[in-house]
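A quick write-up on the structure given underneath.
The values are calculated or read from the model by the stated rules, or taken from the named source; none is laboratory data. Just so you know, these numbers come straight off a predicted model, no measurement behind them. Ideal geometry is used to build each Cβ from the backbone, glycine not excepted, and the neighbour counts take in all protein chains shown. To get the accessible areas, we keep the full protein, side chains included, count just its heavy atoms, and leave off ligands, DNA and RNA. Shrake-Rupley method; radii C 1.70, N 1.55, O 1.52, S 1.80 Å.
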Amino acid sequence: MAYTETKTTSYGKRVGNSFKGIAGGFICFILGTILLFWNEGRFVKRQATIGEAERKCVSVDDVSKIDKDLNGELIHATAKADTTNTLVDVEFGVSVVAIKLNRSVEYYQWEEFKSTKKKDNVGGSETTTTTYTYKKDWAGKPIDSSEFKEAGHQNTVLTRIEDKSVLAEDVTFGAYRLPSFLVKKISGDKPAEVNPTEAQIQEWNKKLDTAAAPPPAAAAAPAPAAAAQPEQLELALDAPAAPAPSTPPTTSTPPTVHISGNVVYFGKNPESPEIGDVRVTLTKALPAEVSIIAEVKNTTFTEFVSRKTNGRVSSLAMGDKSMTEMFADLRFANSVWTWILRIIGVLLVIGGLNGIFGFITTLAKVVPFVSSIVGAGIGFICGVLGFAWSLTIIAIAWLFYRPIIGVPLLVIAIAGIWWLKKVAKDKKAAAPAAEPPPAA
């Protein structure tokens, strides 16, 4: 199933839009430049913070007893994260001794996907063909189908249920207590068995049956034109049954509740889901061995704060990990983030330059073949200039933060700009030579 939409943009409008894009190009260029400079400073500051933390960190073999001498010290230790807290999800009859209890909700919905193809026409106009396709799938939240381009893909939901995450308040680490910012990092979710009472199941079915049944008045009278898009049913599991909607759902058979292990399914058949069905999955994180890097604060822990950079360091890893491995992971994570932000910054700079000079390509759109050549040339020049500019900004940032590394980078950037100028000069010099001599 697909819906196609075709639109033609005149040459004049395209030229006007390209000139408007110059402002956006400048904004992207400036934002990319700022991001590149800031990111290098962030990287250096973070590396310095991690290095300072590693020099001060002490590996502690035994945390089974409170050691007053460790108060205020940054330590690495491995022990079992344990708890006696019982976590409860009343609505679904879950009661478990665990560190975490998570409720994840999914809705079976129509999803709309869009693909666009553009074609340049002789004379400078442009034809844009947009194809909308539709697919049924599980989504993390209800999808509003009122904006869908093609009718017949109307979304409803049988009930709305909130995602939920509960943390144990008292999680021990040997003789110490783990703070919530470390508890949140504990992973390893396992199924949490759902065990509602028979009365709860009957109540769920009753509420869903009530929501699914059409009102007498609606059965006798035709639906008004404004109700072509069905309402999404809202049903709180712990509230009285909601009144029936003005437009009945497409399902004629009342929905039922299915329970399998840690999954509660609201709908007629879990093996054959229908639009509006809801799936709730409950998981738990059990006590497990973990390794931490944190500063001791009396009987608990806090983040290490660098006096030099004011940066913060703390970490939790599942299992037995050495101090060296954990600090290596922190450095690796910093490098990954730095490269991600570098790439984003470079793309913003190049995209900004393309936005600034894109009007040249648009002016040549009168002849599509010519515009393709011009566009390729503009794109290449913007790419080289954008990369050289980005490298220059990174080098300047390193000159500011780390001069020893910044100087070679600046040399490379200047060499790139010089090469670009040389190529342009050589092409200009070769142009007259390529012209045929005048006739005798």
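Here are a few things to note about the model shown:
- Positive minus negative residues near THR130 (Lys, Arg vs Asp, Glu; Cβ under 11 Å): +4
- The mean accessible area for residues of segment 1-115, using a 1.4 Å probe and ignoring ligands and nucleic acids, is 53 Å² per residue.
- Exposure rank, largest accessible area first [ARG103, ARG279; 1.4 Å]: ARG279, ARG103
- THR9-ILE373 FRET efficiency (beta carbon distance; Förster radius 25 Å; 0.05 resolution): 0.70
- Cβ-based net charge around VAL366, under 15 Å, with every Lys or Arg adding one and every Asp or Glu removing one: +2
- Taking 0.36 nm per residue of separation and subtracting the Cα-Cα distance, full extension of the segment from GLU289 to ALA48 would add 83.8 nm.
- Accessible surface ranking that places the most exposed of PHE43, PHE357 first, with a 1.4 angstrom probe: PHE357, PHE43
- Pairs over the 23 Å Cα-Cα cut-off, from the set LYS135/LYS206; LYS80/LYS184; LYS164/LYS297: LYS135/LYS206; LYS164/LYS297.
- Counting only protein heavy atoms and using a 1.4 Å probe, the accessible area of LEU347 comes to about 110 Å².
- Where labels lie 7 Å past Cα in the beta-carbon direction, separation of ASP170 and SER272 in nm: 5.2 nm
- Measuring how big segment 252-314 is from its alpha-carbon positions, Rg and Dmax come out at 23.4, 68 Å.
- Solvent-accessible area of ILE343 with every protein chain in place, 1.4 Å probe, in Å² to the nearest 10: 100 Å²
- Working from label points 7 Å from Cα in the Cα-to-Cβ sense, the VAL97 to SER64 distance is 2.0 nm.
- Per-pair calculated FRET efficiency, R0 = 45 Å: PHE181 and PHE387 via Cβ, rounded to 0.05: 0.70
- Based on protein heavy atoms only, segment 277-397 ends up with 47 Å² per residue of surface accessible to a 1.4 Å probe.
- The length gained by stretching the chain between GLU162 and LYS425 to full extension, at 0.36 nm per residue less their Cα-Cα distance, is 88.2 nm.
- Figure note: ARG177, ARG307 ranked by solvent-accessible area, largest first, 1.4 Å probe, ligands and nucleic acids not counted: ARG307, ARG177.
- Annotation: extensible slack from LYS141 through ILE30 equals 36.4 nm (criterion: 0.36 nm per residue apart, minus Cα-Cα distance).
- Net charge contributed by nearby residues that have their C-beta within less than 15 Å of PHE37 (K/R +1, D/E -1): +3
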